[in-house]
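As structure tokens, the structure follows; a few thoughts come after it.
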Amino acid sequence: MADSVVFDYLPPGVLPFTTPAIEEAIEQASREGPEESTWDAMLDAGVKELQTNEEFVDRMRVAYDRAGVNVVTPTVWSFDPSVDFREGVYSDIARWTARQEAIDWYRPVRTPSDARAVAADGDVGILMNVQNTGAFTAGDADRVDDLFNAGVRIMQLTYNTQNHVGAGCTEPSGSGLSNHGLGVVDRLNDHNAIIDLSHCNRETTLDAAEASSTPVAATHTHCGALHDHPRAKSDAELEAIAAGDGYVGLLAYPHQYEQPTFDTLAEHLEHLISILGTDRVGIGTDWGVTTADVPDSLRPGVVSFIRRATDMKEKTEEYEPFSMEKFDTGFGEFKTYEDRGVIKEELVDRGFDEHIDGLLGENFLSFWERVCEA
């Protein structure tokens, strides 16, 4: 398909490239602490570089082109534990506003037609997401309106732990969607926003799939039948998403697989297709925060953030916290985001060529259109 949408779940939205000015900002944040604030310092300094440094702008554009993507969904939030969650979301939204004002090829995507226009024009579309909606709403469903009005269109109900909406994938209680969560689902349905269940536990996933009047998604996950992992979806969850005409994006993120190879990825993709069909699955790499792209100066802060965000600081039988040595683990030849084009090559080599445009983004766009039309 000409000008097809190539969509990816890319939490930072931008890659953590540095310049001397950015490294200086990281070093200052590291001295002043907390360590996690170095990521926000990198993002803030990066905005200034996009506004003033043409070489930095060109480097960022080349990275998207080499990766072969034209619509990405960044997570809006802060890594800094001294910043209130809601404040961090608003700060990151402000950064994206500044980037889009500075760079004409960065364009906001708020509707499926926006995504199509971005692809046709050869630009890069920004479709904002929140990965912890319950932490933002905190008992007040009206705050969903605030997120939607700010341009957020993908709203993941929970991150890894319990929030006001429901339970995340590392939550041991087995609890599901709360009364407030039901209200949030209703409000998301009113807006035809995308309900994302990627990090929800089994009970919250099943509850939300049943409660929603629009199709739901798990934009970045893999198959529990093939890998028993907190982030993986059981067949029951995948079937519930399929029953509602939903969508699942397959992780291409090395730290979630026992064997991060493209043979493994193909096995998980085939399993998804066996449940959802070829036109309701895609790829959501979840790349760029704990990968080889991240410079050494940022890695200690990222490790601290990941351990805090997962509420897992010590290794257990159920979950292993992230550690410094994992950053340089690749996914086959996919080692940095600019290598992302290898995904298409590897899937074609494994016989998925007939469905490649759908898998790389068109299936997600069709799903989003179904949500908007519901």
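General observations
- Candidates 181, 139, 168: the one that is out of contact with any Lys or Arg (no Cβ under 6 Å at 6 or more places or on another chain), of a type outside the set (Val, Ile, Thr), over 30 Å from residue 55 (Cα atoms) and free of Cβ contacts under 8 Å to residues at least 40 places away in the same chain is 168.
- Residue count for segment 22-49, restricted to those that are farther than 22 Å from residue 306 by Cβ and either in contact with a Gly (Cβ under 8 Å, 6 or more places away or on another chain) or crowded, with 20+ Cβ neighbours inside 10 Å (or both): 1
For (1) among the aromatic types (Phe, Trp, Tyr); (2) in contact with a Leu (Cβ under 9 Å, 6 or more places away or on another chain); (3) modelled with pLDDT under 95, each residue gets a yes or a no:
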site: 86; (1), (2), (3): no, no, no
site: 89; (1), (2), (3): no, yes, no
site: 105; (1), (2), (3): yes, no, no
site: 109; (1), (2), (3): no, yes, no
site: 113; (1), (2), (3): no, no, no
site: 123; (1), (2), (3): no, no, no
site: 127; (1), (2), (3): no, no, no
site: 135; (1), (2), (3): no, no, no
site: 138; (1), (2), (3): no, no, no
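- Checklist (1) surrounded by 22 or more Cβ atoms within 10 Å (Cβ to Cβ); (2) farther than 12 Å from residue 40 by Cα applied to residue 93, failing item: (1)
- Long-range neighbours under 6 Å by Cβ, at least six apart or interchain, first residue under 15 Å from residue 6 (Cβ atoms) within segment 345-368, second modelled with pLDDT under 95 and surrounded by fewer than 17 Cβ atoms within 10 Å (Cβ to Cβ): 357/1
- Considering only residues in segment 198-237 that are part of a loop (DSSP other than H, G, I, E, B) and crowded, with 24+ Cβ neighbours inside 10 Å, the one that is farthest from the chain's Cα centre (by Cα) turns out to be 201.
- Which numbered condition residue 237 misses (of (1) touching a residue at least 24 places away in the same chain (Cβ under 8 Å); (2) over 23 Å from residue 363 (Cα atoms); (3) not β-branched (Val, Ile, Thr)): (2)
- Residue tally, condition in a loop (DSSP other than H, G, I, E, B) and without any contact (Cβ under 8 Å) to a residue 40 or more places away in the chain, over segment 1-34: 3
- The criterion of at least 1 residues that are modelled with pLDDT under 95, among the β-branched types (Val, Ile, Thr) and surrounded by 20 or more Cβ atoms within 10 Å (Cβ to Cβ) is met, among helices (runs of 4 or more DSSP H) falling completely within segment 274-374, by 299-310.
The values are calculated or read from the model by the stated rules, or taken from the named source; none is laboratory data. Given the structure is predicted, the values throughout are model-derived calculations rather than measurements. Quick reminder, even Gly has a Cβ in these numbers, built from the backbone with ideal geometry, and neighbours come from all protein chains shown.
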